[in-house]
Amino acid sequence: KSTAEMLDERGHNDDQTSSAEKELQSNAFNQIAQILLEAGYFRARIATLSEFDKAVGGLCWCITSSGVNVDVDILFTENATIGEKVQ
């Protein structure tokens, strides 16, 4: 589900994004998810994961799988709270 859909379900949607922008964002995310799938990140297919979790999880997977030394700590937790996401 998209973030907007989850907010709608909770009754907290003050989203003022135009429908054209939402469509652009949806298309961009679908392209990202397709690229991640083609690269081998099959968790992008899991319907219960949010778009955020798929994108960030895929990014972490790509960095980790690249074999390139990166001087950062990568910690990713699925379905994290907003506070955990911004740490």
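The values are calculated or read from the model by the stated rules, or taken from the named source; none is laboratory data. None of these values were measured; they are calculated from a predicted model. Every residue, glycine as well, gets a Cβ built from its backbone with ideal geometry; the counts of neighbours run over all protein chains shown. Protein only, heavy atoms only, side chains kept; ligands, DNA and RNA dropped before computing areas. Shrake-Rupley method; radii C 1.70, N 1.55, O 1.52, S 1.80 Å.
Okay, residues lined up against (1) touching a His at 6+ places or on another chain (Cβ under 6 Å); (2) in a helix (DSSP H, G or I); (3) at pLDDT 80 or above:
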{"residue": "6", "(1), (2), (3)": "no, yes, no"}
{"residue": "15", "(1), (2), (3)": "no, no, no"}
{"residue": "27", "(1), (2), (3)": "no, yes, yes"}
{"residue": "32", "(1), (2), (3)": "no, yes, yes"}
{"residue": "49", "(1), (2), (3)": "no, no, yes"}
{"residue": "55", "(1), (2), (3)": "no, yes, yes"}
{"residue": "64", "(1), (2), (3)": "no, yes, yes"}
{"residue": "78", "(1), (2), (3)": "no, no, no"}
{"residue": "87", "(1), (2), (3)": "no, no, no"}
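Quick one: in the range 44-67, of everything that is within 11 Å of the chain's Cα centre (by Cα) and open to solvent by 70 Å² or more (accessible area, probe 1.4 Å), which residue is farthest from residue 27 (Cα to Cα)? Once the filter is applied, the top-ranked residue is 59.
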